[in-house]
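Contents: one structure, followed by commentary.
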Amino acid sequence: MKMLKTLIATAIISASISPAIAATDLYGKINVSFQNSDDGDAAITELKSNSSRFGLKGSTKLDGGLSLVYQYEFQVDVADNSGSENIKSRNQYIGLKGDFGEVLLGRNDTVLKQSQGKFDIFSDYEGDIKNLGWKGETRADDSITYKSPKFNGVQFGLSYILDEDNDDAATSISATYGDKALKKDKYYAAIAMDSDVKGYDATRLTVGTKVSGVVLGLILQTQEAVLSGVEKSGMMLSAQYKVGSYNLKGQYQTLEDDAGISIGADRKLGKNTKAYVFYTTFNHDMSADESYVALGLEHKF
């Protein structure tokens with residue numbers, strides 16, 4: 001905790017300095033929902049912190065056209081856990097950026113996970129694709145991440161993940177085209193593959209576009225357990241549409257014979273603040289069905 005207090009104090013001092021001098025930003029979000037959660041065994045009413053977080057990030061210009069980049073992010077449970085369980089590590093790295101692209105050293109999302117862009121629109125909530133059993137949502141320790149410069153909108157990525165205990169390594173590779181948020185480009189496409197990441201091989205194809213104001217996303221995935229050889233495949237289709245201060249959204253996803261549906265709406269309350277409501281249900285082939293109803297509030301800083 002002493003380290004975190006020092007980190008926060010440093011960030012506050014940096015934020016008070018002129019932007020022309022300071023290169024470090026303090027950022028984060030607080031997201032809490034009041035929800036009824038039925039996991040198939042029992043239904044409870046709870047407050048849930050949905051990946052609330054804070055962090056520091058920045059860059060510094062170096063000689064030779066290089067820049068030093070860094071990020072130091074933590075997840076905070078503002079609803080339930082306290083003490084040592086309250087704070088968890090998220091992406092934390094240091095690296096160099098230049099004409100060659102970018103190299104990051106530390107803990108980071110694999111390039112397969114990053115390749116999905118903004119199209120899992122219930123990410124961090126119950127409807128997150130990982131909650132139906134999708135593999136590949138990995139934040140890798142001991143990793144080296146490389147991203148190439150963009151060539152006519154195409155960018156290549158590599159995550160090299162060290163397994164220090166077994167003197168081995170896993171890899172994640174990707175090729176992407178366009179803008180993940182569809183702000184600069186009308187189309188986005190990506191293909192990515194994991195090799196023995198957390199015991200799984202996976203291939204993920206993502207495409208997204210905007211049609212008459214409706215943002216559409218499609219993800220197809222196959223995954224195989226390295227040791228058992230069990231293979232599974234799934235798909236995810238999402239859509240969202242803004243009406244005034246509201247963002248209406250829906251998502252359907254599958255993994256073999258399991259399926260999930262999520263619907264929801266966000267209400268913008270300010271530049272960095274929103275209220276939201278969602279309903280998610282999972283229909284499982286071999287276990288009890290699940291359902292979740294939530295009303296929440298999020299603020300970013």
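The values are calculated or read from the model by the stated rules, or taken from the named source; none is laboratory data. Computed from a prediction, not measured in an experiment: that's the story for all the values here. Note that each Cβ is placed from the backbone with ideal geometry, even for glycine, and that neighbours are counted across all protein chains shown. These area figures cover heavy atoms from the full protein model, side chains too; ligands, DNA and RNA do not enter into them. Shrake-Rupley method; radii C 1.70, N 1.55, O 1.52, S 1.80 Å.
For the range 30-64, what are the residues that are open to solvent by less than 30 Å² (accessible area, probe 1.4 Å) and within 12 Å of residue 124 (Cβ to Cβ)? Listed by number, the residues that qualify are 31, 33, 49, 50, 51, 52.
Scan the range 136-150 residue by residue and report those that are assigned to a loop (DSSP other than H, G, I, E, B) and within 21 Å of residue 97 (Cα to Cα).
Taking the range 136-150 and keeping what is assigned to a loop (DSSP other than H, G, I, E, B), we get 136-138, 148-150.
Correct list: 148, 149, 150.
Annotation note: Cβ proximity below 8 Å between a residue of the range 55-68 that is over 18 Å from residue 25 (Cα atoms) and a residue that is part of a strand (DSSP E or B) (sequence gap 6+ or interchain) occurs for 62/68; 62/96; 64/98; 65/98; 66/96; 66/97; 66/98. Cβ-Cβ contacts under 8 Å between residues 6 or more apart (or on different chains), taken from a first residue in the range 105-122 that is modelled with pLDDT under 95 and surrounded by fewer than 19 Cβ atoms within 10 Å (Cβ to Cβ) to a second residue that is assigned to a loop (DSSP other than H, G, I, E, B) and among the β-branched types (Val, Ile, Thr), are absent. When residue 179 is tested against (1) touching a Ser or Thr at 6+ places or on another chain (Cβ under 8 Å); (2) of a type in the set (D, E, K, R); (3) open to solvent by less than 60 Å² (accessible area, probe 1.4 Å), only condition (1) is not met. Taken residue by residue, the range 116-135 has no member that is among the hydroxyl-bearing types (Ser, Thr, Tyr), assigned to a loop (DSSP other than H, G, I, E, B) and in contact with an Asp or Glu (Cβ under 7 Å, 6 or more places away or on another chain). Return yes or no: is residue 112 assigned to a helix (DSSP H, G or I) and of a type outside the set (Lys, Arg)? Yes; evaluated as a whole, the condition is true for this residue.
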